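Below: one structure, written as structure tokens.
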């Protein structure tokens, strides 16, 4: 049996058997880029939480061991051991004195013998600042940092 040219050509023109494969090939790069961005954003959020957790761990160590005296190296070691990330300290953990203030939070004072404006003795505060670098898949590196401050007395 002989197939007419008209039937063969009209069948090929109307054929849709490969259309879904072509559509998938066009959409696949967009889906991969979107998935990669979501994974990258999740990794960024996770690392930010790790840096915050390290700062809180250092501040918590200072609070728990307040009766033993303040040692910046031990506070930094506690912060570093709280995460597997390479955490750095823009400045060493520090102990400072201050008075609670409703508008600015804490007003720093020189020592604990200077009375606050309301007549109370200032408290001792420990501040721990941590940071790390995150390198996303597609963009430039991002510096992640966190600060934790706790009153120890």
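The values are calculated or read from the model by the stated rules, or taken from the named source; none is laboratory data. Just so it is clear, the model here is predicted, and its values are computed rather than measured. Backbone-built Cβ (ideal geometry, glycine too); neighbour counts: all protein chains shown.
Annotations for the structure displayed:
- Any hit, segment 137-150, residues being modelled with pLDDT under 95, touching a strand residue (DSSP E or B) at 6+ places or on another chain (Cβ under 7 Å), over 26 Å from residue 53 (Cβ atoms) and crowded, with 17+ Cβ neighbours inside 10 Å: no
- Contacts under 7 angstrom Cβ, first residue in segment 109-136 being modelled with pLDDT of 90 or more, partner surrounded by fewer than 13 Cβ atoms within 10 Å (Cβ to Cβ) and in a strand (DSSP E or B), 6 or more apart: 131/143; 133/143
- Pair list, Cβ < 9 Å and 6+ apart or interchain, from segment 137-153 residues that are free of Cβ contacts under 8 Å to residues at least 12 places away in the same chain to residues that are outside any strand (DSSP E or B): 139/40; 141/135
- Residues located in segment 74-88, provided they are free of Cβ contacts under 8 Å to residues at least 40 places away in the same chain, in contact with a helix residue (DSSP H, G or I) (Cβ under 6 Å, 6 or more places away or on another chain) and not in a loop (DSSP other than H, G, I, E, B): 78
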